[in-house]
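Derivation of every value follows stated rules applied to the coordinates shown; laboratory data play no part. All of these numbers come straight from a predicted model, not from anything done at the bench. No Cβ is skipped: glycine too gets one built from the backbone with ideal geometry, and neighbour counts run over all protein chains shown.
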Amino acid sequence: MRDIRLLHELFLPGALIGPFTQANPGLGGVCTFVGEVRYDDGVEALELTHYEPLTLPGMHQLADRAFERFDLMGLLMVHRVGLMRPGEPIVCVSAAARHRRDAIDAVDFCMDHLKSAAWFWKREKRASESGDSTWHWIEPREQDHSDLARW
């Protein structure tokens, strides 16, 4: 079972995970990661833009690679684009497998690739010391590249 989505609107991870788990009878474990917009450092908003012709096909190719690499029963991968506020979910990746290690590693694999994917561009709106709000582009961190390189 594969459920790969790119959304422009708010989603509730819990509303996705229950049906995903039920759609994979006989699983031994489910691992889920939900990434949210941080409240820290004066972040007021996060905006994700993307290259539409490549984004969803790229997410499907990533899912294919996860299924080839890990013994999965199912994979849920939901990623938001557009304007988001602190506390709102950005991404939800859930993997179902007969054994926990495949589920855990598949989620880690997918997140490391999504975090560094060339199809997404991120910028944050932050309050400055003067009280004004400014937008700043966010580049992948060195740790993001290191995490990706291990696969």
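Residues in region 21-28 carry Karplus couplings, in order, of 4, 5, 7, 10, x, x, 5, x Hz; the curve used is 6.51 cos²θ - 1.76 cosθ + 1.60 with θ = phi - 60°, and Gly or Pro positions show x.
Sparse packing (at most 11 other Cβ atoms within 10 Å of the Cβ) combined with a DSSP loop state is found for the following chymotrypsin sites (Phe, Trp or Tyr not before Pro) in region 1-46: Tyr39.
Pop out the Kirkwood hydrodynamic radius of the chain from its pairwise C-alpha distances, inverse of mean 1/r, in Å to one decimal.
Values: mean 1/r = 0.0618 Å⁻¹.
The answer is 16.2 Å.
Principal semi-axes of the equivalent ellipsoid, √(5λ) from the alpha carbon gyration tensor of region 93-151, are 33, 13, 9 Å from largest down.
Legend: Rg and Dmax of region 1-87, from Cα coordinates, 14.7, 45 Å.
What is the gain in length, in nm to one decimal, between Asp144 and Glu44 on full extension, counting 0.36 nm per residue of separation less the C-alpha to C-alpha distance? Walk me through the numbers on the way to the answer.
Details: separation 100, 0.36 × 100 = 36.00 nm, distance 2.30 nm.
Gain on stretching Asp144 to Glu44: 33.7 nm.
How high is the relative contact order of the chain? Use alpha-carbon pairs under 8 Å, at least six apart in sequence, and give a whole percent. Walk me through the numbers on the way to the answer.
Values: 285 pairs, mean separation 47.6, N = 151.
Dividing the mean separation by the residue count of the chain yields 32 percent.
Taking amide H atoms as placed 1.01 Å from N in the peptide plane, the amide H of Gly28 lies under 5 Å from those of Ala97, Arg98, His99, each 5 or more residues away in sequence or on another chain.
Computed 3J(HN,Hα) for region 139-145, one whole-Hz value per residue from the Karplus formula 6.51 cos²θ - 1.76 cosθ + 1.60 where θ = phi - 60°, is 9, x, 6, 4, 4, 4, 5, glycine and proline marked x.
Against the chain, whose longest principal axis is taken from its Cα atoms, helix 52-69 shows a tilt of about 40°. Backbone amide hydrogens, once placed in the peptide plane, bring Val37 within less than 5 Å of Gly87, Glu88, Ile90, excluding anything fewer than 5 places away on its chain. Loop-located GluC sites (Glu not before Pro) in region 1-54 (DSSP state other than H, G, I, E, B) with a sparse environment of at most 15 neighbouring Cβ atoms within 10 Å: Glu9. With the convex hull of its Cα atoms as the shape, region 56-138 has an orientation-averaged projected area of 6.5 nm². Coupling constants for region 122-129 follow from the phi torsions by the Karplus curve (6.51 cos²θ - 1.76 cosθ + 1.60, θ = phi - 60°), and in residue order they are 10, 9, 10, 9, 10, 6, 8, 4 Hz; glycine and proline get x.
Give the residue list of GluC sites (Glu not before Pro) in region 61-138 that are DSSP loop and have at most 15 other beta-carbon atoms within 10 angstrom. For GluC sites (Glu not before Pro) across region 61-138 that sit outside H, G, I, E and B with at most 15 neighbouring Cβ atoms in 10 Å, the list reads Glu129.
Stretching Leu7 away from Lys125 to a fully extended chain increases their span by 40.4 nm, per 0.36 nm per residue minus the current alpha-carbon distance. In this structure the amide hydrogen of Ala45, modeled in the peptide plane, comes within under 5 Å of the amide hydrogens of Lys125, none closer than 5 places in sequence on its chain.
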